[in-house]
Amino acid sequence: MVMARALLHLKSTSGFALACATQESPYRVQLPDKSRNARVLVLGGTGRVGGSTATALSKLCPDLKIIIAGRNREKGASMVATLGGRSEFAEVNIDNVKSLEAALRDVDLVVHTAGPFQQAEKCTVLEAAIHTKTAYIDVCDDTTYACRAKSFKTRAVAANIPAITTAGIYPGVSNVMAAELVRASRSESKGEPERLRFYYYTAGSGGAGPTILATSFLLLGEEVVAFNKGETIKLKPYSGMLNIDFGKGIGKRDVYLLNLPEVRSAREVLGVPTVSARFGTAPFFWNWAMEAMASLLPAEFLRDRSKVQELVQLFDPVVRSVDKVAGERVSMRVDLECSDGRNTVGIFSHRRLSVSVGAATAAFAIAVLEGSTQPGVWFPEESEGIAIEAREVLLKRAAQGTINFVMNKPSWMVETDPKELGLGIYV
C-alpha cells in the first residue's frame, strides 16, 4: 500500500533543484514556488545548535522566512542581524503552552533545538505542533524523550502532520548512515546484518556551548542499554573503552559506552541483533574526568537537572578555555558486520561541530519541507521519516564542508592504521 505524503500548510511536496556544491558554496535548494517562502521557526534559535541550524537553512534556502524563537531578546536581535531581512525574532517560552501555540499558528515547520532533552517530563513542543498542525523535527538525544515522542504517532497521523525525532547530527545523520549500510548489505550480500556499532568523537565541547555539557553530564546518570544477539543488556555508563580509528583528519580515539537513542531505534527499525554506541572526547583528561564522575557521583545526582546545571556553571569556563586549544572537530563512525563476513563502514568527519550540527539539522528540515516525511512521528532511519530515495541527498547536504565522508567501504580502506578486526564477542 502506498501511503500519501504529508501535506504541509503550503500543500506542495515536489519539485526541487540541487546545485553542485563546494565547501565555499553550499548546496542551494530551489523549493517549488508554493513552498519557497515557507515559515520555519527555530526554537532555541539563540543557542549554539539552533543558531547554527538557522544559519545553514538561510544558506540552503535563502527564500525561507526564518523565525528565531527564544527567551533572550538581545541574543535574538543579534541573530536576526546576522541572518538578514528574511528573519525575525519571537519571544517564546516552551513551558508556556499558550505562548508556544501562538508562535506556531502561522508556521509551516518548527525545529526544536531547545535542549537538554534529558529528564524532560513532557513533549510540550511536539504536542503544540500537532495541535496547531505544524510539521516538526527535534534534535533530541535522549532515549526516554524519543520514545515518548514516538507515542504521539497516532495523533500526528490523525492531524496529517509529519514529525521526526532525533533529527540532528548524532543521533540523526548517524541513523541514516546506519540505515544505508544495512540497506546496501541486504541488497548486495547473502548474509544478514549481525552487529551495528556507533562511534562518536568530539574535541572538547565541540563549540556547542553549555547545553552539550549538560547533556553529557545527564547521560552519565543513565544506565547504558545495548543489545547483544537480540537480548537487552544494561551496562555502566562511560565504561567499555575501545580505541577506534576514525580515519584521516581524526585518527585513533578512545570511546566509551553511553545510553543513546539510536541504539534502541536501530535495533527496532533495522532489525540488527547486536547494537551499541560509544562516545569520546579530547583532551584525554576529559575522558578520565567523565569516567570518574560516572563512578564517583550518585546516579540520582547526575539525573537532577538543577544539580547538573550547577556543575555546568562550574566547569563551563574551564571547558571554554580548553576548547580554544582542543578545537571542535567531530567524527562519526558507523560499523556494520554481517553473517557472511561482509564488514562495512561509514565515516563522517568535520572540523567544526558547531557548523556541522546546523548543516545536519537543516538537511532534515529541508527533507520535511520537500515532502519526504509521511504523517506520524518517525526516527530518521524509518523510511516513512526519510524516504529511502531521499537519503543520499540528505547525507550530501549534511556532509558539506566535511574533511572526510565515506559510505559503505571496508574498514581497511578508511582507517589510518588498517588491520583485520578480531572476531571476539563484544558490543
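Structure summary
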{"quantity": "Hits in the range 365-413 - residues which are open to solvent by less than 20 Å² (accessible area, probe 1.4 Å), aliphatic (A, V, I, L, M) and within 17 Å of Met332 (Cα to Cα)", "calculated": "Leu394, Leu395, Ala398, Ala399"}
{"quantity": "Selected residue [open to solvent by 10 Å² or more (accessible area, probe 1.4 Å), of a type in the set (Asp, Glu) and at pLDDT 95 or above] from Glu337, Glu328, Glu310", "calculated": "Glu337"}
{"quantity": "Members of the range 120-141 found to be of a type in the set (Asp, Glu) and at pLDDT below 95, listed by number", "calculated": "Glu121, Asp141"}
{"quantity": "Total residues in the range 291-307, condition touching a Pro at 6+ places or on another chain (Cβ under 9 Å) and open to solvent by less than 60 Å² (accessible area, probe 1.4 Å)", "calculated": "3"}
{"quantity": "Residue count for the range 171-225, restricted to those that are in contact with a helix residue (DSSP H, G or I) (Cβ under 6 Å, 6 or more places away or on another chain), open to solvent by 10 Å² or more (accessible area, probe 1.4 Å) and modelled with pLDDT of 95 or more", "calculated": "1"}
{"quantity": "Qualifying residue in the range 136-152 (condition: under 23 Å from Arg197 (Cα atoms) and of a type in the set (Gly, Ala, Ser))", "calculated": "yes"}
{"quantity": "Matching residues in the range 276-290 - criterion: being of a type in the set (Phe, Trp, Tyr) and surrounded by fewer than 18 Cβ atoms within 10 Å (Cβ to Cβ)", "calculated": "Phe284, Phe285, Trp288"}
{"quantity": "Val275 in contact with a Lys or Arg (Cβ under 6 Å, 6 or more places away or on another chain), of a type in the set (Val, Ile, Thr), over 14 Å from Leu219 (Cα atoms) and in contact (Cβ under 8 Å) with a residue 60 or more places away in the chain", "calculated": "yes"}
{"quantity": "Those strands (runs of 3 or more DSSP E) lying entirely in the range 45-149 with at least 2 residues under 20 Å from Ala159 (Cα atoms), touching a strand residue (DSSP E or B) at 6+ places or on another chain (Cβ under 7 Å) and touching a residue at least 24 places away in the same chain (Cβ under 8 Å)", "calculated": "109-112, 135-138"}
{"quantity": "Whichever residue in the range 150-167 is outside any helix (DSSP H, G or I) and within 19 Å of the chain's Cα centre (by Cα) and, among such residues, is surrounded by the most Cβ atoms within 10 Å (Cβ to Cβ)", "calculated": "Ala163"}
{"quantity": "Any hit, the range 366-377, residues being more than 21 Å from Arg183 (Cβ to Cβ) and of a type in the set (S, T, N, Q)", "calculated": "no"}
{"quantity": "Test: Glu268 is within 22 Å of Gly346 (Cβ to Cβ), under 23 Å from the mean Cα position of the chain (by Cα) and without any contact (Cβ under 8 Å) to a residue 24 or more places away in the chain", "calculated": "yes"}
{"quantity": "Thr13 among the β-branched types (Val, Ile, Thr) and either open to solvent by less than 30 Å² (accessible area, probe 1.4 Å) or modelled with pLDDT under 90 (or both)", "calculated": "yes"}
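The values are calculated or read from the model by the stated rules, or taken from the named source; none is laboratory data. Just so it is clear, the structure is predicted and the values come from calculations on it, not from any experiment. Note that we place each Cβ from the backbone using ideal geometry, even for glycine, and neighbour counts take in every protein chain shown. Only protein heavy atoms, including side chains, enter the accessible area calculation; ligands, DNA and RNA are left aside. Shrake-Rupley method; radii C 1.70, N 1.55, O 1.52, S 1.80 Å.
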